[in-house]
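Scroll down for the structure; my scribbles are underneath it.
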Ligand code: GLU
């Protein structure tokens, strides 16, 4: 069972996300990651294994910013590797997604997105979501919220 935390507010998101993920450790996980909106880019740090490994990574490569999202993964699609750890992004690296559950029709969605020029980095079902959102924005969705809504209409499964 994965854990998801998000933070919107005035403080630096990183320590709050790590604290939130620690509170969810009891659920079990194989890898962890965070995405932080820093000025000019979305910074992502991931690691396999315990959250302490992610903390070491963050100590070596400090990230600051807000808002942010964090995830502890329990792999269902793709091995527990750093590449497969969440967050996952679209090709531009500006849309970052964490996800709990399974997108059952991810293979057909992935094939259709690849035919439209999207490049996938992981073996996860999750990665179709940021690419779907990016495609909906390209196809004229008037807002991020609407692009997400349209994307999730295409996804089958049980997920958050
Ligand atoms: N199905 C997704 C994956 O394998 C999410 C797993 C989870 O809920 O942690 O990455």
message = Could you tell me how many of the residues in region 91-125 are within 16 Å of the ligand (Cβ to nearest atom) and surrounded by 13 or more Cβ atoms within 10 Å (Cβ to Cβ)?
response = 18
query = Is it the case that region 9-27 has a residue that's in a strand (DSSP E or B) and under 24 Å from residue 158 (Cα atoms)?
reply = no
request  = Could you tell me which numbered condition residue 125 fails, if it satisfies all but one of (1) touching a strand residue (DSSP E or B) at 6+ places or on another chain (Cβ under 7 Å); (2) more than 22 Å from residue 83 (Cα to Cα)?
outcome  = (2)
key: Pairs where the first residue, in region 50-61, is under 13 Å from residue 72 (Cβ atoms) and the second is buried (at least 18 other Cβ atoms within 10 Å of the Cβ), C-beta under 6 Å, 6+ apart   = 51/21; 51/32; 53/47; 54/32; 54/47
query = Any chance region 126-136 includes a residue that's surrounded by 17 or more Cβ atoms within 10 Å (Cβ to Cβ), modelled with pLDDT of 95 or more, over 19 Å from residue 34 (Cα atoms) and within 16 Å of the ligand (Cβ to nearest atom)?
reply = yes
request  = Return yes or no: is residue 86 in contact with a strand residue (DSSP E or B) (Cβ under 6 Å, 6 or more places away or on another chain) and under 22 Å from residue 2 (Cα atoms)?
outcome  = yes
remark   = Listed by first then second residue, the pairs whose first member lies in region 65-81 and is under 20 Å from residue 158 (Cβ atoms), whose partner is near the ligand (Cβ under 6 Å from one of its atoms) and at pLDDT below 95, with beta carbons under 6 Å and at least 6 positions apart or on separate chains, are 72/2; 73/2; 74/2
task = Mind listing whichever residues of region 28-77 are within 15 Å of the ligand (Cβ to nearest atom) and surrounded by fewer than 18 Cβ atoms within 10 Å (Cβ to Cβ)?
result = 28, 30, 49, 74, 75, 76, 77
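Being modelled with pLDDT under 95 and within 15 Å of the ligand (Cβ to nearest atom) is true for just one of 160, 155. Which residue is that? Write out each step before concluding.
Values: 155 fails: modelled with pLDDT under 95.
Among 160, 155, only 160 is modelled with pLDDT under 95 and within 15 Å of the ligand (Cβ to nearest atom).
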Failed condition for residue 150, given (1) free of Cβ contacts under 8 Å to residues at least 40 places away in the same chain; (2) part of a helix (DSSP H, G or I); (3) under 14 Å from the mean Cα position of the chain (by Cα) = (3)
ask   = How many of the residues in region 1-15 are within 14 Å of residue 36 (Cβ to Cβ) and surrounded by 18 or more Cβ atoms within 10 Å (Cβ to Cβ)?
value = 4
ask   = Scanning for something under 21 Å from residue 160 (Cα atoms), within 13 Å of the ligand (Cβ to nearest atom), at pLDDT 95 or above and within 17 Å of the chain's Cα centre (by Cα), does region 10-27 turn up at least one residue?
value = yes
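The values are calculated or read from the model by the stated rules, or taken from the named source; none is laboratory data. It should be emphasised that the depicted structure is a prediction, and the values quoted were computed from it without experimental measurement. Ideal geometry is used to build each Cβ from the backbone, glycine not excepted, and the neighbour counts take in all protein chains shown.
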